[in-house]
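Working notes, structure below.
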Amino acid sequence: MGYVHDTQMSQFIPPNLFSYSAGTWAMAVATNVWSLNRTAADASFTVYMPVVIPSNAAALKGSYLVSVEFMYSIATAAADDFVAATCAVYKDTLQATAASGSGTLNTSAIVAGTLDTGHDAAAELKAVDEHRLKWSLTTPAWIDNDAAYHFEAVVDAAATTVFKIFGGIVNYTFRV
C-alpha cells in the first residue's frame, strides 16, 4: 500500500447537511441548483455547517483542516446585521465519558482564524449579492478521532431579506 500526502483536498458540504437555529427553511431547486432557503422575516438566526472530513487517531495523519468556505446569497434587502465576529470555526471535543457530576459530554471552542478580505466587515457580509466567504484557520489543525469541527454564522435578517444557502467547501491536506 502506498503513501498519500495531498495538500489540495476539498470536500463539498451540501445545503441539506446545514442546520439553523430559527426561522422557516425549505430545500428548493431552480435550474438544477439546490439551495436551503429561509422565508423572509425580521429575525436573527444561526447557521451551522458541519466539517465532514476524515479524522485519524495517529499523530500527523488524516485530515489537516486549513479553511472553510460558506456559499450563500442575500436578495431583496440586505440583512440588518451579519457581524464578521459571529463567523467562526469551532472545535468540538468529544469526550469518552462526562466528567463526574459535570453533565457535559462534549465541549466546543472557537478556533483562531480570519475571514477573506471580501467578507471581513459586516457591510460586506450582509450585502445583497451572491457570497462565497472563506474562513482560514490561523494555525491549521490535524483532526483527531476525539474531535469534530463546525462553522457557525449569526445573521440578523431584515423583514424582506431572502437568505439562501448553497453549500460549503472544506479545504484540507490529506495524509495516510
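Just so you know, all these numbers are worked out from the coordinates, no wet-lab data involved. All values derive from a computational prediction rather than experimental measurement. Cβ sites come from the backbone with ideal geometry, for glycine too, and all protein chains shown count toward neighbours.
Share of Cα-Cα pairs in the chain beyond 31 Å, in percent?
21
Please list 3J(HN,Hα) in residue order for segment 40-55, calculated via the Karplus relation 6.51 cos²θ - 1.76 cosθ + 1.60 where θ = phi - 60°; whole Hz, with x for glycine and proline.
Using θ = phi - 60°, the values come out as 4, 6, 7, 6, 9, 8, 10, 9, 10, 10, x, 9, 9, 9, x, 10 Hz.
Run down the lysines and flag those whose C-alpha is under 19 Å from the C-alpha of Lys126, throwing out any fewer than 8 positions away in its chain.
Here the lysines satisfying the reach criterion relative to Lys126 are Lys134, Lys164.
Which cross-chain or sequence-distant (5 or more) residues have an amide H under 5 Å from the amide H of Cys87, H modelled 1.01 Å from N in plane?
Distant-sequence amide H within range of Cys87: Val154.
From Cα pairs below 8 angstrom and at least 6 apart in sequence, can you work out the relative contact order of the chain, rounded to a whole percent?
42
What FRET efficiency would be calculated for the residue pair Thr173, Val83, taking the C-beta separation as r and a Förster radius of 41 Å, to the nearest 0.05?
With R0 = 41 Å, the Cβ-Cβ based efficiency is 0.85.
Determine ³J(HN,Hα), in whole Hz, for all residues of segment 122-137 in sequence, where each value follows from phi through the Karplus function 6.51 cos²θ - 1.76 cosθ + 1.60 and θ = phi - 60°; x replaces Gly and Pro.
4, 4, 6, 5, 8, 5, 5, 3, 9, 10, 9, 7, 10, 10, 9, 5
So who's got an amide H within less than 5 Å of the one on Trp34, skipping anything under 5 residues away but keeping other chains? H placed 1.01 Å off N, in plane.
The answer is none.
Quick one: what are the phi-derived ³J(HN,Hα) couplings along segment 147-163, Karplus 6.51/-1.76/1.60 with θ = phi - 60°, whole Hz, x for glycine and proline?
So the J values, rounded to whole Hz, are 9, 9, 10, 8, 10, 10, 9, 10, 10, 10, 7, 7, 4, 10, 5, 9, 10.
Residues with amide H under 5 Å of Ala41's amide H, sequence separation 5 or more or different chain, H placed in the peptide plane at 1.01 Å from N; which?
When sequence neighbours closer than 5 places are left aside, the close amide H contacts are Thr161.
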